Amino acid sequence: MAQEKDSITLNIGVDTSINIGSEFSEKNKRKLQKKKGSSNAKRKITNDEDSESDYETYKKLKVSSDRSKQTQYVSSLFGHNPEIPSLESKDVSPVCEEVFSSDTFKEFSNVHPFTIKALEESLGVTKATVVQQLALPVLMSGKDALVRSQTGSGKTLAYAVPIVEALHRVRPKLTRTDGIRAVVVLPTRELALQTFQCFELLVKSFKWLVPGLVVGGEKRKSEKARLRKGINILVGTPGRINDHVSNTQVLRLDRMQWLVLDEA
C-alpha cells in the first residue's frame, strides 16, 4: 500500500505596508524637495528683482542729482548787479560847540526882574547859553528867527523867555478871556509836557498869563473845558491841536502873535 504524502500548502501573506510606506515617504521627500527648490528659486528671483529695483532707484537718484548739479539757477537779483565802487571815507571830527556864554540874564536890560527871579529860583539858571545869547535880542525885537543847535543847548528858554516878556508887557493886561496869543507846537507829548511846565514856572510872577496843554492821550472833554475857560499860551502836539481847531468852536487863533515850531 503506497503511502500518500500529505502536501501542506502555506499561504503566507506578505506585509506590503512596509514597502508602501517607504514609497510614500520617498514621494513626500521628493515633493518637499521640489517645493523647497521652487521656493528657493522664487526667493532668488525676488531677491534679484529687489536688487534690480534698488539699482534702478539708485540710478534714477544719481541722474536726478547730476541734473540738479548741472541745472543750478542763479537769481537775477544777484547775478546782474553793477559793481559798487569803493569810496574813501573822510575822517570827520565832531563839532564841539560851547554851551554856556559869559553873559547872565541880568545883563539883558529888557528882561523883567520877575522873569530873572523865576529862572534862578525855579529853574536854577543864572547864565545864558550861547543860543539864548544870540536868539533873545532877535526875538525880543519882534523879528523872526530860525534857531538850530544841539540838544540840551537851551532852545526852549530861547523862545519861552521872549514870549513871556512880550505878553506880560501888553497893556491893558491880558486876561484868559483875551484868547490865545502864542502857539507852541512840539512833535511828542513828552516834549510838550516839559515845555508846558517851563512856561508854568516862568509865569508864576505874572498870574494873569495862563498857559494850556493839549496832547494826544488826554481826555478831550477836559481839554475843551480848559479852552472854554481861556488860555493865552497854547502848547501841544500837531495832531491834537489840529483836532481842536477842526472840532472845538471855542478855540480861535485869530489873535495869535507868536508861532513856534519846535523840533521842526
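How many nm separate the modelled label positions at residue 96 and residue 225, each set 7 Å beyond the Cα in the direction of the Cβ?
5.3 nm
Using +1 at the Cβ of each Lys and Arg and -1 at the Cβ of each Asp and Glu in the stretch 100-261, identify which of 217, 166, 261 lies farthest towards the dipole's positive end.
Ranked along the dipole, the leading option is 217.
Could you list which residues have their amide H under 5 Å from that of residue 210, counting only those 5 or more apart in sequence or on another chain, with H placed in the peptide plane?
232, 233
For residue 117 and residue 104 in the same chain, what is the full-extension length gain: residue separation times 0.36 nm, less their Cα-Cα distance, in nm?
Working: separation 13, 0.36 × 13 = 4.68 nm, distance 1.22 nm.
Full extension of this stretch gives 3.5 nm more.
Counting only residues 5 or more places away or on other chains, whose amide H sits under 5 Å from the amide H of residue 258 once H atoms are built in the peptide plane?
182, 183
Rounded if a/c is under 1.5, else prolate if a/b is larger than b/c, else oblate: which is the stretch 94-168, with a ≥ b ≥ c the root eigenvalues of its Cα gyration tensor? Don't jump to the answer; show the numbers that get you there.
On the way: a/c = 1.90, a/b = 1.27, b/c = 1.50.
Verdict is oblate for the stretch 94-168.
Please list the non-local residues whose amide H lies under 5 Å from the amide H of residue 129, H modeled 1.01 Å from N, same-chain partners needing a gap of 5 or more.
101
Would you please classify the overall shape of the stretch 100-261 from the alpha carbon gyration tensor, given that a ≥ b ≥ c denote the square roots of the eigenvalues, rounded means a/c under 1.5, and beyond that prolate means a/b larger than b/c while oblate covers the rest? The partial results should precede the final answer.
Numbers: a/c = 1.91, a/b = 1.54, b/c = 1.24.
Because a/c hits 1.5 or more and a/b exceeds b/c, the stretch 100-261 counts as prolate.
Using each residue's phi in the stretch 203-209, evaluate 6.51 cos²θ - 1.76 cosθ + 1.60 at θ = phi - 60° and report the 3J(HN,Hα) Karplus result to the nearest Hz, with x for Gly and Pro.
With coefficients 6.51, -1.76 and 1.60, one gets 9, 4, 7, 10, 5, 7, 8 Hz.
Separation between the residue 144 and residue 88 pseudo-spin-labels, each 7 Å from Cα along Cα→Cβ, expressed in nm?
Output for this residue pair reads 4.3 nm.
Short version: ³J(HN,Hα) in whole Hz for each residue of the stretch 154-164, in order, from phi by Karplus 6.51 cos²θ - 1.76 cosθ + 1.60 (θ = phi - 60°), x for Gly and Pro, what are they?
For the stretch 154-164, the Karplus curve yields x, 5, 4, 5, 5, 10, 6, 5, x, 5, 5 Hz.
Please give the contour-minus-distance gain from residue 259 to residue 134: 0.36 nm per residue of separation, less the Cα-Cα distance, rounded to one decimal in nm. Could the numbers behind the result be given before it?
Values: separation 125, 0.36 × 125 = 45.00 nm, distance 1.89 nm.
Contour length minus the Cα-Cα distance gives 43.1 nm.
Of all GluC sites (Glu not before Pro) in the stretch 98-138, which ones are in loop regions per DSSP and have a Cβ with at most 13 other Cβ atoms within 10 Å? Mind showing how you got there, number by number?
Values: sites: 98, 107, 120, 121; in loops: 98.
Here the GluC sites (Glu not before Pro) that fit, given the DSSP loop and packing criteria, are 98.
Read-outs: derived from the displayed coordinates by stated rules, not from any lab. Model, not experiment: these values are computed from the prediction. Counting neighbours? That spans all protein chains shown, and the Cβs are built from the backbone with ideal geometry, glycine included.
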